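The values are calculated or read from the model by the stated rules, or taken from the named source; none is laboratory data. Just so you know, these numbers come straight off a predicted model, no measurement behind them. Note: ideal-geometry Cβ built from the backbone for every residue, glycine included; neighbour counts use all protein chains shown.
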Amino acid sequence: MLKYEIKKYILKPSVILCLILFLLLNIGKYFELFYHFDGGRAIVSGYTALSEGESKLYEKYGGLITDEKIEMLKSELKTAEAKLKEYGIIEEPMEGFYTGYPYGDAELFKNTFIPAYEYAIFYFRYSNEISEAARQNAVYYAEFSDYEVRKNTLISSLYKNRRVDYCVKGNGWSAFFDYKFSSLLVIFLLIFILSPLFSSERAGGFDRLIISSGKRKAAIRSKLILALLLSFFLTIIFFFEDMLIIDAFSGLDCFNAPIYAVSEFQNCSFDITLFESCVVSAVSRFIVMLCFTSIICFLSTFGKNTAVSGLLSFSVGALFVLLSEVLPQSLDIAGLVYTSDLFRGFSVVNIFGFPVFSVVTAILLTLIIATLFIIATVRRAFR
Amino acid sequence: MTLQIRELSKAYSKGKKALDSFTLTLEKGVYGILGPNGAGKSTLINCITGIIKADSGSIIFDDNGDRDYMKRLGFLPQNQDFYPNFTAREMILYSMALKDVKADDPKAYADEILKRVNLYDDRNKKVGAHSGGMKQRLGIAQALVGEPKIVIFDEPTAGLDPKERIRFRNVISSLANDKIVILATHIVTDIAFIAKNVVLMDKGRMIDCASQTELCSNIYGKVWETVTDYDKGMELMKEKRVSNVVSEGELFNVRVVSDEKPTEDAVSVQPSLEDVCIYHFGEIG
């Protein structure tokens, strides 16, 4: 049955064309973010000799930090400063410099690579300070609040003895976890493909054939499996496209490094690698899409008009986005799509006196909503 | 093989009874269901096919101990559309999946079904490119998947041209040997050609179920033809149940269904199935 459902709703020229267009649009969107246009010519935003030099230096100093690299960096910094004194500010690029300019090289060492190395080296101390402060808080709260004790104990254990041994090109990762345009495209595609899931059957009178065949439940099951697989594959396809585009434009490296190796995520609650963060991000996006898919399926069981069910689904999607602005992270379903918030700080919610990560409650809430809508769909469809 | 419909009742939200203790026993053969709009034909079909649940009553099937008629049911709903991006063969294969029909070579099985409705040559053509008649034949084909014992056609010839209608009648007639075929239609001539038995229903109840010959003989002596001028013809049309008017120059040959002789010079004629409908319902179908 499933292969016929795929044939009905996915293997259609309009759907395939739309998917290709949306994949291209996603590339176009990131292209627009990365470039600006000057007289019809695409120019990298902020592109200077500095960024070219930065790339060269990342090849040399990025990745695992070793004593050898530290010594070399110190030495190169001294050399760069000496050359800056020697040549001063020059207008034409010269050979022998990463950026082509002595000032550019000195700037890169002082403001990018030295701070990046310092961040990595001192992060151990920084995280232990947080851990110790939390431990002291736990002692302080012992007489007042069990919840605060548990929360601070959790913080203390999570941040204790964290180490950063990597110099990571952070702006690519920040952009990746912050990028939400592709999720919007996935939602549009889900609405476009799944809105007719039940309504078109009713419009064409197929519901009568399905009911009279005695295979109502099997038909609903195959449709829901199709919806589930579709939301999974669309999420994965666009997720990997995001990765490929952002890697091509900004660079995604050091998958083995902890997520807090990116300074923007220094306070991340989770002690996970960047690779594991990608998995969390993909799963989180998929759960949101699953929830949204269940709502689209449910709305499709009303009436014969696909446009109406599509419009209703779109309205619900818009509502989730609007609610995202006001709801706390623990209840924010749409917020699970852009995971940078998830990784940026420590956020827990008090559940019966126990600290539970906000993301966990948001995921649970999303799964509960998805389950309820799936049950409602099964009960309503083909009636 | 029998299909017994016992005391079947169904009322809708406004309290109107669409089926009112409808009782009927069907055996092998073609049954035509006739009744005016709102007689309950569609409700009856929807109850038999499981699309709606009856409030009370039962439907009992017996074919040498086999009692699950839903597995032996073929159905062509009214105004049935098909997936435009499916080919005729894919549509039959989908019906096989839907009805859980297993075959060693599913494509060969589907092709055999399509041959029966003369769609084999178009088996790989997308349904979206089919004519109305081809779609209707495809509808019949999908109803025949799984060799059903009971086949129900709801308004099957609506929108078909005369040639397609004849083709449809021939297909139905070829099915009648070992099946219960139920045909609900407004087109009396379709039933007149292919249904051995006719079920008359009105207001959710069965009025009569008999062969066409019996139904016609029941009103023998109540169908008249008279030749009149325009004024008298108009008067008859207002006062009597007129089943047909044929213009013959300045005069009109008027066919009247009436217990009494409508005019002095009226002559009794052989009743037709249309006359039976006019007699019972005041309208055809």
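Within the stretch B:126-135, can one find any residue that is small (Gly, Ala, Ser) and either in contact with a Cys (Cβ under 8 Å, 6 or more places away or on another chain) or surrounded by 17 or more Cβ atoms within 10 Å (Cβ to Cβ) (or both)? Even if it seems obvious, please write down each step before you answer.
Looking only at the stretch B:126-135, we keep the residues that are small (Gly, Ala, Ser), and these are B:128-129, B:131-133.
When the remaining residues are screened for being either in contact with a Cys (Cβ under 8 Å, 6 or more places away or on another chain) or surrounded by 17 or more Cβ atoms within 10 Å (Cβ to Cβ) (or both), the result is B:133.
Within the stretch B:126-135 (the criterion being small (Gly, Ala, Ser) and either in contact with a Cys (Cβ under 8 Å, 6 or more places away or on another chain) or surrounded by 17 or more Cβ atoms within 10 Å (Cβ to Cβ) (or both)), the answer is yes, since at least one residue qualifies.
Being of a type in the set (A, V, I, L, M) and at pLDDT below 80 is the filter here; which residues of the stretch A:66-93 pass it? Even if it seems obvious, please write down each step before you answer.
First, the residues of the stretch A:66-93 that are of a type in the set (A, V, I, L, M): A:70, A:72-73, A:77, A:80, A:82, A:84, A:89-90.
Hits for the stretch A:66-93 are A:Ile89, A:Ile90.
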**Request:** Determine whether A:Glu71 is without any contact (Cβ under 8 Å) to a residue 40 or more places away in the chain, in a helix (DSSP H, G or I), under 36 Å from the mean Cα position of the chain (by Cα) and closer than 30 Å to A:Ser156 by Cα.
**Result:** no
**Asked** Which number in (1) more than 14 Å from chain B (Cβ to nearest Cβ); (2) in contact with a Ser or Thr (Cβ under 9 Å, 6 or more places away or on another chain) marks the one condition that A:Phe206 misses?
**Response** (1)
**Request:** Name every residue in the stretch B:77-93 that is in contact (Cβ under 8 Å) with a residue 40 or more places away in the chain, closer than 16 Å to A:Ile6 by Cβ and within 8 Å of another protein chain (Cβ to nearest Cβ), in order of residue number.
**Result:** B:Tyr83, B:Asn85, B:Phe86
**Request:** Restrict the check to the stretch B:107-116 and report whether at least one residue is more than 9 Å from every other protein chain (Cβ to nearest Cβ), buried (at least 21 other Cβ atoms within 10 Å of the Cβ), under 17 Å from B:Leu175 (Cα atoms) and at pLDDT below 85.
**Result:** no
**Fill in**
Among the residues of the stretch A:162-199, the number that are small (Gly, Ala, Ser), in a helix (DSSP H, G or I) and modelled with pLDDT of 90 or more is 3
**Residue check for A:Gly251: part of a loop (DSSP other than H, G, I, E, B) and under 23 Å from the mean Cα position of the chain (by Cα)** = yes
**Item:** Residues that are surrounded by 19 or more Cβ atoms within 10 Å (Cβ to Cβ) and facing chain A (nearest Cβ under 7 Å), drawn from the stretch B:61-76
**Value:** B:Leu73, B:Phe75
**Asked** How many residues are more than 12 Å from chain A (Cβ to nearest Cβ) and of a type outside the set (A, V, I, L, M) when one looks only at the stretch B:41-60?
**Response** 6
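Of all residues being within 9 Å of another protein chain (Cβ to nearest Cβ) and part of a helix (DSSP H, G or I) in the stretch A:1-29, which is surrounded by the most Cβ atoms within 10 Å (Cβ to Cβ)? Just the residue, please. Don't jump to the end; show me each part of the working.
Let us first name the residues in the stretch A:1-29 that are within 9 Å of another protein chain (Cβ to nearest Cβ), namely A:1, A:3-4, A:7-8, A:11-13.
Imposing the further condition that a residue be part of a helix (DSSP H, G or I) reduces the set to A:3-4, A:7-8, A:13.
Values: A:Lys3: 14, A:Tyr4: 20, A:Lys7: 16, A:Lys8: 22, A:Pro13: 8.
That would be A:Lys8.
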**Asked** Quick one: A:Gly214 ticks every box in (1) more than 14 Å from chain B (Cβ to nearest Cβ); (2) not in a helix (DSSP H, G or I) bar one, so which box is it?
**Response** (1)
**Request:** Test each condition in (1) in contact (Cβ under 8 Å) with a residue 12 or more places away in the chain; (2) more than 22 Å from B:Asn197 (Cα to Cα) for B:Ile59 and report the one that comes out false.
**Result:** (2)
**Message:** Suppose we filter the stretch A:304-351 for residues that are touching a residue at least 60 places away in the same chain (Cβ under 8 Å) and of a type outside the set (A, V, I, L, M, F, W, C); how many remain?
**Reply:** 14
**Request:** Scan the stretch B:235-278 for residues that are closer than 27 Å to B:Met201 by Cα, among the acidic types (Asp, Glu) and touching a residue at least 24 places away in the same chain (Cβ under 8 Å) and jot them down.
**Result:** B:Asp259, B:Glu274, B:Asp275
**Asked** Looking at this structure, is B:Asn79 over 24 Å from the mean Cα position of the chain (by Cα), surrounded by fewer than 22 Cβ atoms within 10 Å (Cβ to Cβ) and under 26 Å from A:Ala203 (Cβ atoms)?
**Response** no
**Request:** Report yes if some residue within the stretch B:142-160 is modelled with pLDDT under 85 and either assigned to a helix (DSSP H, G or I) or facing chain A (nearest Cβ under 10 Å) (or both); otherwise report no.
**Result:** no
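Which residue out of A:Phe181, A:Phe188, A:Phe192, A:Phe177 is more than 14 Å from every other protein chain (Cβ to nearest Cβ) and surrounded by 24 or more Cβ atoms within 10 Å (Cβ to Cβ)?
Numbers: A:Phe181 fails: surrounded by 24 or more Cβ atoms within 10 Å (Cβ to Cβ); A:Phe188 fails: surrounded by 24 or more Cβ atoms within 10 Å (Cβ to Cβ); A:Phe192 fails: surrounded by 24 or more Cβ atoms within 10 Å (Cβ to Cβ).
Sole residue among the options that is more than 14 Å from every other protein chain (Cβ to nearest Cβ) and surrounded by 24 or more Cβ atoms within 10 Å (Cβ to Cβ): A:Phe177.
Within 30 Å of B:Asp68 (Cβ to Cβ) and buried (at least 22 other Cβ atoms within 10 Å of the Cβ): is that true of A:Asp207 in this structure?
On the way: within 30 Å of B:Asp68 (Cβ to Cβ): yes; buried (at least 22 other Cβ atoms within 10 Å of the Cβ): yes.
In short, yes.
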**Request:** Working only within the stretch B:12-53, note down all residues that are in contact with a Leu (Cβ under 9 Å, 6 or more places away or on another chain) and either closer than 22 Å to A:Arg380 by Cα or without any contact (Cβ under 8 Å) to a residue 24 or more places away in the chain (or both).
**Result:** B:Thr25, B:Thr43, B:Cys47, B:Ile48, B:Thr49, B:Gly50
**Complete:** Being more than 22 Å from B:Lys179 (Cβ to Cβ) and more than 14 Å from chain A (Cβ to nearest Cβ) narrows B:Gly132, B:Gly128 down to just B:Gly132
**Message:** B:Ala176 - would you say it is of a type in the set (A, V, I, L, M), touching a residue at least 24 places away in the same chain (Cβ under 8 Å) and over 25 Å from B:Val30 (Cβ atoms)?
**Reply:** no
**Prompt:** Which ones in the stretch B:183-217 are over 22 Å from B:Gly74 (Cβ atoms) and of a type in the set (Asp, Glu)?
**Reply:** B:Asp202, B:Asp208, B:Glu214
**Prompt:** Within the stretch B:96-106, is even one residue within 14 Å of another protein chain (Cβ to nearest Cβ), out of contact with any strand residue (DSSP E or B) (no Cβ under 6 Å at 6 or more places or on another chain), at pLDDT 90 or above and farther than 22 Å from B:Thr49 by Cα?
**Reply:** yes
